[in-house]
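Everything below concerns the one structure shown next.
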Amino acid sequence: SLLRELHHRIKNNLQFMASLLNLHLRKTKSKKLRQILTESQSRIKSMSLVHESLYSSQDLSGINIAAYISNLVSYLSQAYILNQEKIQIKIDIEEITVDTNLAIFCGLTINELLSNCFKYAYPEEHLEKLGQPGEIKIKFKTIKDERFQLKVIDNGIGLPSSFDLEKATSVGLRLVNSLVKQYQGTIKIEKNRGTSFTIVGPLKRTNGS
């Protein structure tokens, strides 16, 4: 009961922070500042959803990753006012329970990569060239040696051929790179008819990390 109450309070605190950002969002007319506030709000929400899931779950030891990612994608689609006639998201997530650390890692990573897609991958001229809605795929599965694989794939305009994640100037992509290193994982980027991010890491981090 105490642990459930703890998750409930953390969730409420995070939601309060998101509400404060929303107040500032309503008052500002600066496009750049609105973007920063929206991005910060979605990062907070991705963590809040973890504690919300634990609070409402019978099992406090972990998170149903399929339900969590589905809820997160739904929230982000609404936050960025996604037009599903222009961009469609397909989710293929293995139905397993993961620990809180991995859920937060996946949530923050998906948040950054999906937000980037919404903002940059599908300019109108590219959608006209495609002749069909853009498509973003999010996949998660367990693989051998107690590891997981997370993939975010889009058929957008793609990254420049000279792109180097270690030298990225985007706050979101720098955060993704940092998160992957902290989680003892690896990230592979493919730039072919869009962009594919493949992240592999341990289902549970070793102690001291």
ASN177 vs (1) over 22 Å from ARG205 (Cβ atoms); (2) of a type in the set (S, T, N, Q); (3) surrounded by 13 or more Cβ atoms within 10 Å (Cβ to Cβ): all pass except (1)
Within the range 69-81, of all residues that are without any contact (Cβ under 8 Å) to a residue 40 or more places away in the chain and under 21 Å from LEU173 (Cα atoms), the one most open to solvent (accessible area, probe 1.4 Å) is TYR75
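Take the residues in the range 1-46 that are part of a helix (DSSP H, G or I) and of a type in the set (Val, Ile, Thr); name whichever of them is modelled with the lowest pLDDT.
Taking the range 1-46 and keeping what is part of a helix (DSSP H, G or I), we get 2-27, 31-46.
Checking the rest, the ones that are also of a type in the set (Val, Ile, Thr) come to 10, 36, 38, 44.
Details: ILE10: 66, ILE36: 79, THR38: 80, ILE44: 79.
Checked the range 1-46; the qualifying residue modelled with the lowest pLDDT is ILE10.
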Across the range 159-183, the tally of residues that are within 18 Å of LYS137 (Cα to Cα), within 18 Å of the chain's Cα centre (by Cα) and assigned to a loop (DSSP other than H, G, I, E, B) stands at 0
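Take the conditions among the hydroxyl-bearing types (Ser, Thr, Tyr), crowded, with 16+ Cβ neighbours inside 10 Å and farther than 20 Å from GLN88 by Cα and apply them to TYR183. Does it pass?
Working: among the hydroxyl-bearing types (Ser, Thr, Tyr): yes; crowded, with 16+ Cβ neighbours inside 10 Å: yes; farther than 20 Å from GLN88 by Cα: yes.
Considered against the rule, which asks whether it is among the hydroxyl-bearing types (Ser, Thr, Tyr), crowded, with 16+ Cβ neighbours inside 10 Å and farther than 20 Å from GLN88 by Cα, TYR183 comes out as yes.
The values are calculated or read from the model by the stated rules, or taken from the named source; none is laboratory data. Keep in mind it's a predicted model, so treat the numbers as computed, not measured. Neighbour counts are summed over all protein chains in view; Cβ atoms, including those assigned to glycine, are modelled from backbone coordinates with ideal geometry. Quick note on the areas: whole protein, heavy atoms, side chains included, nothing else; ligands and nucleic acids left out. Shrake-Rupley method; radii C 1.70, N 1.55, O 1.52, S 1.80 Å.
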